[in-house]
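Reviewing the structure listed below.
The values are calculated or read from the model by the stated rules, or taken from the named source; none is laboratory data. From a predicted model like this one, the values you see are computed outputs, not experimental measurements. Using ideal geometry, Cβ is built from the backbone for each residue, glycine included, and neighbour counts are taken over all protein chains shown.
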Amino acid sequence: MPVPDKRVTIDDVVAEVRDGMTIGIGGWGSRRKPMALVRALLRSPVKDLTVVSYGGPDVGLLCRAGKVRHTVCAFVSLDSIALEPHFRNARQSGAVTNTELDEGMMLLGLQAAAWRVPFLPSRVGLGSSVTTLDPALRTVTSPYADGEELLAIPAIELDVALIHMNRGDVGGSGQYLGPDPYFDDLFCGAAKRRFMSVERIVDTDRLLDEGPPQSLLISRLMVDGVVETPNGAHFTSCAPDYERDEAFQAQYAATARGDEAWHGFRAKYLDGDETAYQEAIR
Amino acid sequence: MSDAGTRDPSTATRADVCAAALADCFRADGEILANPIGNLPLIGGRLAKATFGPQLIMTDGEAQLIENVMPVGVDGAEKVVSHWNPYRRMFDLLWNGRRHVIMGASQIDRYGNQNFAFIGDPAAPKAQLLGMRGAPGNTINHRTSYWIPAHSARVFVERVDVASGVGYDRAAALGPAGRFHELVHVVTNLAVLDFETPDHSMRLRSVHPGVTVDEVVAATGFELVIPASVPESRVPDTEELRLLAEIDPTDLRGAEVKA
C-alpha cells in the first residue's frame, strides 16, 4: 500500500520532547491515555513541561515525577476516583501552577490553534473567575450590529501532541473503536509534532475491518510518527480492547499518601521500559 | 427502602423528599437534556422523566443519550439509545441552551456563585478540588440547579473563593452576554432554595418535613431571604415512591441522605 512509513519507537517519541515544551495529551480523564508514551517521559530527563490535557493519570504521574512546571487543565480526574491525588498534591504544595479554564474553552483553544487563528470568540468563561485568574485573557466586541462582548479564547499551541488510538496504519491514519473520540484530532491539529501510539498497527486496506469510516478520526496528514504499544493505555480504559484496570488504578492512587509508597510503586512498575511494565502488571 | 411494594406517602424518607425536589427542578423545562450529576440528582432526574417529563432526554453516563428510564447503579441495565453524544457534541447541545444541569458545589453564595474548583491561594490551593470543569460554560449558556447533600455554613458562604459557576450578580454585570443565565433551584438535605427575589438573592423556598426554618438559617453562612410563610417541601406520592424503588433499587439515595 503506497503510504509513508512513519513507524517510530517509544524512545524516538520521547527524544522529541525537550525541557520547557508545551505538550498536549489526548484521551479524557482515565480514558484512552497514551500511557506507554507518558511512562517513557517519566523515565526521561525532561523537565519544566507545560501539560495541556483533559487530565487523568497522565497529568498526575508527570507531576509526581517532577516533569511539570505548569498545567492547562479544566480538571484532573481518575473518573472512578474523582480527584487525581498526585495532581492535588502537586497543586497544593505549589510545585505546579494551573491555567484555570472551562472544558469548552480548552476545546475552542485547541480548535483555534488547529485552524491557525489567534482566538475563537465565545460566551464561555465570561462572568466566572477564569477571566480574573488569567489576566492575559481579553474580550472582543462583535463587529456586527449586536455589538456583543465575547471572550476571545486564545489558541492553545502545542509543541508536541501525544495520543493513543485503538488501531492505526504505518502511515499514521488512526482509528478509535470506543464510544467517544474525545479531542485527539484537535490535539494533533494544534501541535507542531504529532505522535500516535496504537493498540495494533493494521494494514491500511484492513482499517475498515473493525469500524466504519467515521471511526477513522486521525488523518495521517496530522501525524508524524506511529508506534505500536499493545495495552499501551493501561491502566486507563481503551474500550473495546479493554476497560480501565480499577484495581491497579486504586493501587496507583494510594501511592499519593507518602514517598515510600510512591517509590515502591515506581521501582516495581515504572523504572523499567514498557516491556518490563507490561511484564510487571501481568 | 428498596421495597417494591406499595408505600404510603407518610413513610417517605428525607431522601425520597430530596429526590422529588430534584425532579421538580426540571418541571418547567421543555424538550431539553436533563443532566443531573451525582446519584441523588440522577435519581431525581429519572423520576422527572418517568412522571411529568417524558419529553426530557438523559445521558447514559457516557457518550449516548437515552430515552428509557434507566435504573441508577444497576450494571448492564437496558438502554434505549437515540443519540450519539460524545463530549464534543455535548458542547453543541449546551452552548445551544438545550440543557439543564444539576451540579454540586463546595461553596455557594447568596447570588448562586458556585465554587468546586479549589479553596485558597490559586498558586498553591489549600484544597485542590475538581477544577473549573464545565461550570463557567454551563451557567452562562443554560439553566442550572445545584444539589448540596450536606447543608452547612461551610458550603453556603458569604463569598466564594473562586466562581466556577456564575451567579446572578456576575451575570447581570455582563449585560447582554448574560442573557442565557438562569439558576433554578438549590436543593439540599434540609430545604429547597431559589432566586425568586427582586435582586435574585437566595430565598428559602421550602423546608423538608421535620426541618425548621431556624435550622436552615443556622446552617447558612449568609442572610437568606425568608418569606413570611415557608411551606413544607412536597412529599412524593405513592406512584412516585413506587417509581423510586424501580429507579433506585439499591437505595443509593438513602446512603446519600440519611435523616
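Couple of notes before you dig in:
- Residue satisfying condition, being away from chain A (no Cβ under 14 Å) and on the phi > 0 side of the Ramachandran plot, within set B:210, B:175: B:210
- The residue of the range B:130-154 that is surrounded by the most Cβ atoms within 10 Å (Cβ to Cβ), among those that are assigned to a loop (DSSP other than H, G, I, E, B) and at the interface with chain A (Cβ under 7 Å from one of its Cβ atoms), is B:132.
- Pair list, Cβ < 7 Å and 6+ apart or interchain, from the range A:234-246 residues that are within 15 Å of residue A:29 (Cβ to Cβ) to residues that are assigned to a loop (DSSP other than H, G, I, E, B) and among the aromatic types (Phe, Trp, Tyr): A:244/A:235; A:245/A:235
- Meeting the requirement of 1 or more residues that are surrounded by 20 or more Cβ atoms within 10 Å (Cβ to Cβ) and aliphatic (A, V, I, L, M), the strands (runs of 3 or more DSSP E) wholly within the range B:1-119 are B:33-36, B:64-66, B:99-103.
- Selection of helices (runs of 4 or more DSSP H) fully inside the range B:208-259 by the criterion of at least 1 residues being closer than 27 Å to residue B:111 by Cα and of a type outside the set (S, T, N, Q) returns B:213-218, B:252-256.
- Test: residue A:74 is under 16 Å from residue A:262 (Cβ atoms), at the interface with chain B (Cβ under 10 Å from one of its Cβ atoms) and of a type outside the set (S, T, N, Q): no
- Residue in the range A:235-256 that is under 25 Å from residue A:159 (Cβ atoms), in contact with a strand residue (DSSP E or B) (Cβ under 9 Å, 6 or more places away or on another chain), among the polar types (S, T, N, Q) and modelled with pLDDT of 95 or more present: yes
- One residue stands out among those in the range B:185-204 that are free of Cβ contacts under 8 Å to residues at least 24 places away in the same chain and under 20 Å from the mean Cα position of the chain (by Cα): the one that is nearest to residue B:257 (Cα to Cα), which is B:194.
- Restricting attention to the range B:74-129, the residues that are without any contact (Cβ under 8 Å) to a residue 40 or more places away in the chain and of a type in the set (Gly, Ala, Ser) add up to 6.
- Test for residue A:112: is it in a helix (DSSP H, G or I) and closer than 27 Å to residue A:264 by Cβ: no
- Residue A:117 being more than 10 Å from chain B (Cβ to nearest Cβ), in contact (Cβ under 8 Å) with a residue 12 or more places away in the chain, of a type in the set (A, V, I, L, M, F, W, C) and assigned to a strand (DSSP E or B): no
- Some residue of the range B:205-214 being surrounded by 21 or more Cβ atoms within 10 Å (Cβ to Cβ) and closer than 27 Å to residue A:73 by Cα: no
- Among the residues of the range A:246-263, those identified as surrounded by fewer than 18 Cβ atoms within 10 Å (Cβ to Cβ) and more than 16 Å from residue A:39 (Cα to Cα) are A:246, A:247, A:250, A:251, A:254, A:257, A:258, A:259, A:260, A:261.
- Each residue in the range B:155-166 was checked for being closer than 26 Å to residue B:24 by Cα, at the interface with chain A (Cβ under 8 Å from one of its Cβ atoms) and not in a strand (DSSP E or B), and 3 of them qualify.
- Residue in the range B:242-250 that is under 20 Å from residue B:158 (Cα atoms) and surrounded by fewer than 18 Cβ atoms within 10 Å (Cβ to Cβ) present: no
- In the range A:88-104, the residues that are more than 7 Å from every other protein chain (Cβ to nearest Cβ) and in contact with a strand residue (DSSP E or B) (Cβ under 6 Å, 6 or more places away or on another chain): A:96, A:98, A:99
- Only one entry in B:182, B:232 is within 19 Å of the chain's Cα centre (by Cα), under 18 Å from residue B:102 (Cα atoms) and not hydrophobic (A, V, I, L, M, F, W, C), namely B:182.
- When A:243, A:199, A:274, A:279 are screened for being closer than 26 Å to residue A:161 by Cβ and surrounded by fewer than 18 Cβ atoms within 10 Å (Cβ to Cβ), only A:243 passes.
- Hey, residue A:149 within 26 Å of residue A:218 (Cα to Cα), within 9 Å of chain B (Cβ to nearest Cβ) and touching a Gly at 6+ places or on another chain (Cβ under 8 Å) or not: no
- Scanning the range B:215-238 for residues that are under 26 Å from residue B:254 (Cβ atoms) and among the charged types (D, E, K, R) turns up B:215, B:232, B:234, B:237.
- Yes/no for residue A:133 being within 13 Å of another protein chain (Cβ to nearest Cβ), surrounded by fewer than 22 Cβ atoms within 10 Å (Cβ to Cβ) and modelled with pLDDT of 95 or more: yes
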